[in-house]
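Below: the structure, in structure tokens.
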Amino acid sequence: MTPEREQSHMQRALAEAAAAAGRGEVPVGAVLAGPDGAVLTVAGNRTRELNDPTAHAEILVIRAACASLGVERLTGCDLYVTLEPCPMCAAAISFARIRRLYYAASDPKGGGVEHGPRIFSQPTCHHAPEIYSGLGETEASGMLRNFFQGRR
């Protein structure tokens, strides 16, 4: 994967996060790329819109890609997300056998990768992706900060 492609995929995830904020959702966006680097699917959070607490951006792209490809595992695929995945999403990433996880902003309060339960470090975790954090961090953090300041 080239740095330009990684940057492009994260920019697309950030655009999905901005669209989610426009819908009143927590601004998190995700892009799932196939083994060749081509975008398979994109999504932003839709928990409020769908009245579904599991409708996180990561879960939505995993579901869509699996349905589109007719598979239950996304071996060789890479996930780009604007916020450190929560424990639920981290577990789904493991079950889907995602190859690489790129995330922008850390989430000390609700994260499940480098914070909280650290899902991929647990002995019960059957698959851990390669993890790259900080790509697009400034923009993602700013978007989240602005969203929550507007709610207070």
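Residue-level check: of (1) over 16 Å from Thr82 (Cα atoms); (2) open to solvent by 70 Å² or more (accessible area, probe 1.4 Å), Gln7 misses just (1). Only residues that are touching a Phe, Trp or Tyr at 6+ places or on another chain (Cβ under 8 Å) and surrounded by fewer than 24 Cβ atoms within 10 Å (Cβ to Cβ) were counted across region 11-42, and they come to 3. Output the residues belonging to region 1-38 that are in contact with a strand residue (DSSP E or B) (Cβ under 8 Å, 6 or more places away or on another chain) and among the acidic types (Asp, Glu). Glu6, Glu16, Glu25 - these are the residues of region 1-38 that are in contact with a strand residue (DSSP E or B) (Cβ under 8 Å, 6 or more places away or on another chain) and among the acidic types (Asp, Glu).
For region 105-151, the set of residues classified as modelled with pLDDT of 95 or more, surrounded by fewer than 14 Cβ atoms within 10 Å (Cβ to Cβ), part of a helix (DSSP H, G or I) and of a type outside the set (S, T, N, Q) consists of Gly142, Arg145, listed by residue number. Listed conditions (1) hydrophobic (A, V, I, L, M, F, W, C); (2) over 19 Å from Gln7 (Cα atoms); (3) touching a residue at least 60 places away in the same chain (Cβ under 8 Å) are all met by Ala92, apart from (3). Against the condition touching a strand residue (DSSP E or B) at 6+ places or on another chain (Cβ under 8 Å) and free of Cβ contacts under 8 Å to residues at least 60 places away in the same chain, how does Gly44 come out, does it pass? Yes, satisfied.
Restricting attention to region 56-87, which residues are in contact with a Gly (Cβ under 9 Å, 6 or more places away or on another chain) and either surrounded by fewer than 16 Cβ atoms within 10 Å (Cβ to Cβ) or within 18 Å of Gly37 (Cβ to Cβ) (or both)?
Ala65, Leu69, Leu74, Gly76, Cys77, Asp78, Tyr80, Val81
The values are calculated or read from the model by the stated rules, or taken from the named source; none is laboratory data. Please read these numbers as outputs of a predicted model, since none were measured by experiment. Cβ atoms come from the backbone with ideal geometry, glycine included; neighbour counts cover every protein chain shown. All accessible areas refer to the heavy atoms of the entire protein, side chains included, with ligands and DNA or RNA removed. Shrake-Rupley method; radii C 1.70, N 1.55, O 1.52, S 1.80 Å.
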